[in-house]
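Novice: Take a look at this one; I'll ask things after.
The values are calculated or read from the model by the stated rules, or taken from the named source; none is laboratory data. Everything numeric in this text was worked out from a predicted model, so none of it was measured. Here the Cβ positions follow ideal geometry from the backbone for every residue, glycine too, while neighbour counts run over all protein chains shown. What goes into the accessible areas is simple: the full protein's heavy atoms, side chains included, and nothing from ligands, DNA or RNA. Shrake-Rupley method; radii C 1.70, N 1.55, O 1.52, S 1.80 Å.
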Amino acid sequence: MKYVTQNLHCGDVLLASVADELQDLSNVLSAHQWAPDYSVNTSTATLQHQAAYNKSLSIALAERGWDLQPRLSESPRLIGDFAKGLIFGEVQFGNSATLYRDFYKFQYGLQNGLLSLAVLIVPHNENVFFPTRVASVRNMANFELAVRYFTVLPISVPMVIYGLLADDEQA
């Protein structure tokens, strides 16, 4: 799958220290194929669209040694989608308001020394990425919105945002 990235509040030293992990993450994303009706078969169900991408990415990350469902805190209950070392990440195919919850997790983790870099994975353009789901992706988090949110919020969390692209989409 193709993607674009935006680094926010990241220095060269930080990016160099996590270069192997970011390359690993890039390899996982690149190994996935985009499809207008993406699906994944599990032992109990066939998952489609957003759920299928979440499951497929989780499986690939776990195979590469990433922790799944990492917890930053029990109270408040703050759980992410993946982590490795001091990298903590979220795959976000939810409503745009969920970006604020993700930001809170990232900020909490940074403030408490639980992460050095946050990673957010979103569709670049949800209507192009999920072309058969136009009604269900209304107001979905996307790359441009995430970059705008995380650039103007007053607390600087080092972050890499990945915007997933459909095969024929231009960034």
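Novice: Before I look further, what does segment 52-105 give for accessible area per residue, probe 1.4 Å, in whole square angstrom?
Specialist: Heavy-atom accessible area per residue stands at 46 Å².
Novice: If you don't mind, there's one more thing I want to ask. Leaving ligands, DNA and RNA out of it, rank ASP12, ASP81 by accessible area with a 1.4 Å probe, largest first.
Specialist: ASP12, ASP81
Novice: If each residue of separation counts as 0.36 nm, what is the full-extension length gain between GLN111 and ARG138 once their alpha-carbon separation is subtracted?
Specialist: The GLN111-ARG138 span can extend by a further 6.5 nm.
Novice: A further question on this structure: With a 1.4 Å probe and all protein chains left in place, how much of the accessible area of the chain comes from carbon and sulfur atoms, in whole percent?
Specialist: Summing carbon and sulfur atoms, their accessible area is 49 percent of the total for the chain.
Novice: A follow-up question, please. How large is the accessible surface of MET1 in square angstrom, using a 1.4 angstrom probe and rounding to the nearest 10?
Specialist: Surface accessible to solvent at MET1 totals approximately 20 Å².
Novice: Hey, what did segment 9-58 get for relative contact order, percent, Cα under 8 Å, at least 6 apart?
Specialist: It comes to 25 percent, rounded to a whole number.
Novice: (1) 15.2, 47; (2) 15.3, 44; (3) 15.9, 48: which one is Rg and Dmax of the Cα atoms in Å as calculated from this entry?
Specialist: Among (1) 15.2, 47; (2) 15.3, 44; (3) 15.9, 48, the one derived from this structure is (2).
Novice: Would you tell me the accessible area of THR46, worked out with a 1.4 angstrom probe on the heavy atoms of the protein chains, in Å² to the nearest 10?
Specialist: Roll a 1.4 Å probe over it and THR46 shows about 80 Å².
Novice: Long-range amide H contacts for GLY94: which residues qualify at under 5 Å (H placed 1.01 Å from N, peptide plane, sequence gap of 5 or more or a different chain)?
Specialist: HN-HN under 5 Å from GLY94: ALA141.
Novice: Protein chains only, probe 1.4 Å: how do TYR149, TYR104, TYR162 rank by accessible area, largest first?
Specialist: Per-residue accessible area, sorted high to low, gives TYR104, TYR149, TYR162.
Novice: Okay, next question. I'd like the orientation of helix 98-111 relative to the chain: the angle between its Cα long axis and the longest Cα principal axis, in ° from 0 to 90, rounded to 10.
Specialist: 30 degrees
Novice: Under 5 Å between amide hydrogens, which residues at least 5 positions from TYR3 or on another chain qualify, with H placed 1.01 Å from N in the peptide plane?
Specialist: Counting only residues 5 or more places away or on other chains, the set is LEU165.
Novice: Each residue of segment 155-161 in turn: what ³J(HN,Hα) in whole Hz from Karplus with 6.51, -1.76, 1.60 and θ = phi - 60°, glycine and Pro shown as x?
Specialist: 10, 8, 9, x, 8, 10, 9
Novice: Now, a different point. What is the local net charge at ALA52, summed over the other residues whose Cβ is closer than 13 Å to its Cβ (Lys, Arg +1; Asp, Glu -1)?
Specialist: Residues close to ALA52 contribute a combined charge of +1.
Novice: Return one number: the angle in degrees, 0 to 90 and rounded to the nearest 10, between the long axis of the Cα atoms of helix 143-152 and the longest principal axis of the Cα atoms of the chain.
Specialist: 20 degrees
Novice: A further question follows. How high is the relative contact order of the chain, in percent, counting Cα pairs under 8 Å that sit 6 or more residues apart?
Specialist: Relative contact order for the chain comes out at 29 percent.
Novice: OK, next. Compute the long axis of helix 49-63 from its Cα atoms, compare it with the longest principal axis of the Cα atoms of the chain, and write down the angle in degrees, 0 to 90, nearest 10.
Specialist: 50 degrees
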